[in-house]
Structure formats: C-alpha cells, structure tokens
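Before any comments, here is the structure.
The values are calculated or read from the model by the stated rules, or taken from the named source; none is laboratory data. Note that the structure is a prediction, hence the values are computed from the model and not measured. Cβ placement follows ideal geometry from the backbone for every residue including glycine, while neighbour counts extend to all protein chains displayed.
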Amino acid sequence: MSDAPGKRTIISAASVPKLPRHIKMRHDTVRERWLILAPERVFTLDAIAVAVLQLCDGSRSVDTIAAELAQTYNAPRDRILSDIIPMLQKLADKGVVTA
C-alpha cells in the first residue's frame with residue numbers, strides 16, 4: 001500500500017483506493033462508453049469497473065465498496081470482494097488507481 005515511486009501498491013480489503021489527479025474517468029457520449037484517460041493511454045471500462053471506480057473516492061475502503069455494491073446488486077459481499085480486489089490490483093499495477 002504505497003504511493004512511493006518504484007513501489008508496488010498492494011490492494012487489500014483495507015485499502016482505500018482513488019484515482020490519482022492525472023487520471024480522469026469520463027463518459028464518451030458519442031460512443032456511449034466510459035473511459036479512463038491517463039497520460040498517453042486510454043482504457044475502456046465495462047459496467048462493473050464503472051460501478052467500482054465511481055466509489056473509489058479516497059474515503060471508502062475496498063471492503064466498504066464491496067458492501068455497498070453487495071447491497072446495490074443483492075449479491076454476496078465476499079464474492080464481490082474477491083472479484084474487485086484483483087481488478088483494482090490490475091489497475092493499480094497500471095498506475096490507474098492508488099491506495
């Protein structure tokens with residue numbers, strides 16, 4: 001769980017993820033899809049990633065995000081948690097999410 005250069009951020013249930021200042025999530029109204037805009041990179045998001053990343057505001061833990069999504073989608077919190085941790089880890093490894 002480090003923002004230090006050269007150190008890998010490890011995402012866990014206790015992590016409090018957010019998008020760095022230089023990363024923006026935007027809706028492309030022409031193509032009707034969500035995008036992550038990063039320096040010299042663009043990532044297309046699916047509906048699940050959008051739901052998760054909209055809650056990554058730097059104030060909620062991954063566990064809290066999973067609980068909110070479990071309530072919204074009437075799904076088991078543990079299953080959601082086991083799905084979103086690897087997703088957030090991949091995004092952290094690409095520099096799209098910090099914690």
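Brief remarks on what is shown
- If the condition is being out of contact with any Cys (no Cβ under 9 Å at 6 or more places or on another chain), β-branched (V, I, T) and under 14 Å from T9 (Cβ atoms), then the range 80-99 contributes I85, V96, T98.
- Looking across the range 32-64, the residues that are of a type in the set (S, T, Y) and within 21 Å of R77 (Cβ to Cβ) come down to S59, S61, T64.
- One residue alone among A75, A51, A92, A67 is surrounded by 15 or more Cβ atoms within 10 Å (Cβ to Cβ) and either more than 13 Å from the chain's Cα centre (by Cα) or basic (K, R) (or both), and that residue is A67.
- Considering the range 57-79, the residues that are assigned to a loop (DSSP other than H, G, I, E, B) and not charged (D, E, K, R) include one that is farthest from A13 (Cα to Cα), namely N74.
- Applying a threshold of 7 Å to beta carbon distances and a minimum spacing of six or more residues, or different chains, the list of pairs starting in the range 39-57 at a residue that is modelled with pLDDT under 95 and ending at one that is exposed (fewer than 12 other Cβ atoms within 10 Å of the Cβ) and not polar (S, T, N, Q) reads P39/H22.
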